[in-house]
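Trainee: Structure incoming, see below.
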Amino acid sequence: MDINWSTLAGVFAVSLGVTVVVVVMFSLGLAAWARAGHGQPASDVPRGRHQKMATSAAVLCFASCLAVAAYGIDLIVPG
Amino acid sequence: MESVSFLLVAVILTALAFDFTNGFHDTANSMATSIATGALSPRVAVAVAGLLNLAGAFLSTEVAKTISGGIVQDSEVSLVMIFAGLIGAILWNLVTWLLGLPSSSSHALFGGLIGAVWVGAGGSAVRFGTIIEKIVIPAIASPVVACIVAVLATYLAYVITRRTSAYAVGKGFRAGQIGSASLVALAHGTNDAQKTMGVITLALISSGVLSHGAGPPWWVVLSAGLAISLGTYTGGWRIIRTMGKGLTDIQAPQGFAAETSATAVILASSHMGFALSTTQVCTGSILGAGLGRRLAHVRWGVAGRIAVSWLLTLPAAAAVGGVAAWVADQGNVGVALVAFVAMAAAATFYVLSRRRPVSPENVNEVPAPVPESTARPVA
């Protein structure tokens, strides 16, 4: 019997890290997306440069989530 | 030779039946939270899961070299034992489905094999050290790791989006859930269909139909892929209800956090060489999502019942597998008898399930008796 505790700790650390990155990025993306006035009536949201900044921040966040997901698919699909 | 081919056909059909139960048992893993939050409608969710399982089966046909992965002495495993082990696993899968409990199909298969080998070849052929190392420790570690990861993920998701409108949060996380749930389903397809392909291929090799070291023939890949995706598409609605609504009340951010945690833990574990059970990871992450949101109510009675079913999986499947091995060892009549009894039991479970059917229409409704029955202590 040979329980590989260090591998288990590694699994824990890696999955914690990846999950936090994806969830934080996705949540920030959502918050920025909403701040940019998407997905809600935007009468009181300031328009213009601020809004564009928020939109591009959201796109960046979502893109990073997609990148992680693509890496995940790459791991799932062998070869 | 005739007796061999009868048994071989029985093994192949039983393996496909196991694959089917594996599929409908595990739909909940990828889709329960998406169905609960309304990210996907129940019927669309099972269709997506079924298709991704089928795709997964074809993407990866690298089957296991041994049936048990060293849990029993593989040289001692006969066709009769494989047959009996599969029967034990199928029956345990059906019982837990009837009770709406998520339990690991791989553990059920290992349990069935352990029982069958123990009866057929003696206790010395069972490697208890390996069982602790490969089943017991991962079974404890899986839900704990997934739960901690999901607690943190859920907490962060709520903290970051607390100033964002509820409408945008719900819509956004539901969209994200479609992606995270699909990844779980795809990962599941590349793992679980391979188990059945491996069992059938090894049965074919051991009876001399295929040469040693041969890969699975195309019809094995196709039938195993179809069996598991049909099972997935059938949807184990009882288990989906338990995981989506029974354990805790899941909202979209929690669903996204739970599925992302589950995907990360499953992929990290399978690529770092510490195999964890998908079912236990997913259950743990849903529990974590419940604990990570303030005011979310975790039904510990349901969690306790699930834990008890995990404890029972190995011994219960082993007991059935052992009895089945003893009867089936009496020749073709024995094999036929075991198959008949198993089919009768499956039919009985099905009839029992019709008394309180759970369907795509009512899967998101928690019936009134559930909180009462979970309130009493778990025996």
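Trainee: What fraction of the Cα pairs in the protein assembly as shown, stated in percent, has a spacing above 33 angstrom? Numbers along the way, then the final one.
Mentor: On the way: 36661 of 104653 pairs.
Of all Cα-Cα pairs in the protein assembly as shown, 35 percent lie more than 33 Å apart.
Trainee: To continue, here is another question. Rounded to whole Å, give me the distance from the Cα center of segment B:193-224 to that of segment B:61-121.
Mentor: Using only Cα atoms, the two centres lie 16 Å from each other.
Trainee: Order these by the 10 Å Cβ neighbour count, fewest first: B:Leu101, B:Leu94.
Mentor: On the way: B:Leu101 25, B:Leu94 22.
Ascending Cβ contact count within 10 Å gives the list B:Leu94, B:Leu101.
Trainee: Return the long-range amide H neighbours of B:Val72 (sequence gap of 5 or more, or a different chain), with a cut-off of under 5 Å between placed amide H atoms.
Mentor: Under 5 Å from the amide H of B:Val72 lie the amide H atoms of B:Arg127, each far enough along the sequence or on another chain.
Trainee: Next question, about the same structure. Add -39500 (n - 2.57) for each DSSP H run of 4 or more in the protein assembly as shown, then divide by its residues: what number comes out at 222 nm, to the nearest 500 deg cm²/dmol? Provide the component values of the computation, followed by the final result.
Mentor: On the way: 16 runs with 337 residues, N = 458.
Taking each H run of at least 4 residues, the total per residue is -25500 deg cm²/dmol.
Trainee: At a Förster radius of 56 Å, what calculated FRET efficiency corresponds to the Cβ-Cβ distance of A:Asp74 and B:Val333, to the nearest 0.05? Can you show the working numbers first?
Mentor: Details: r = 51 Å, r/R0 = 0.91.
The formula returns an efficiency of 0.65 here.
Trainee: Suppose the chain between B:Arg163 and B:Glu76 were pulled fully straight at 0.36 nm per residue; how much longer would it get relative to their current alpha carbon spacing?
Mentor: 25.1 nm
Trainee: What is the P(r) of segment B:33-112, as percent of Cα-Cα pairs per 10 Å bin from 0?
Mentor: Cα pair-distance distribution for segment B:33-112, in percent: 15, 30, 37, 15, 4.
Trainee: A further question on this structure: Which ordering of B:Trp92, B:Trp97, B:Trp326 is given by a fewest-first count of other beta-carbon atoms within 10 Å? Write down the numbers at each step before the final one.
Mentor: Working: B:Trp92 31, B:Trp97 22, B:Trp326 17.
In increasing order of surrounding Cβ atoms, one gets B:Trp326, B:Trp97, B:Trp92.
Trainee: So, one more: Going by how many other Cβ atoms sit within 10 Å of their own, how do B:Phe110, A:Phe62 line up, fewest first? Numbers along the way, then the final one.
Mentor: On the way: B:Phe110 27, A:Phe62 20.
The order, fewest Cβ neighbours first, is A:Phe62, B:Phe110.
Trainee: OK, next. What nm distance separates the two modelled labels at B:Ala345 and B:His212, each placed 7 Å from Cα along Cα→Cβ?
Mentor: Those two pseudo-labels are separated by 3.5 nm.
Trainee: In Å and on Cα atoms, what radius of gyration and Dmax does chain B show?
Mentor: For chain B, the Cα-based Rg and Dmax read 20.3, 72 Å.
None of the figures in this text is laboratory data; all of them are computed from the coordinates on show. Since the structure is predicted, the reported quantities are computational estimates derived from the model, not experimental observations. Backbone-built Cβ (ideal geometry, glycine too); neighbour counts: all protein chains shown.
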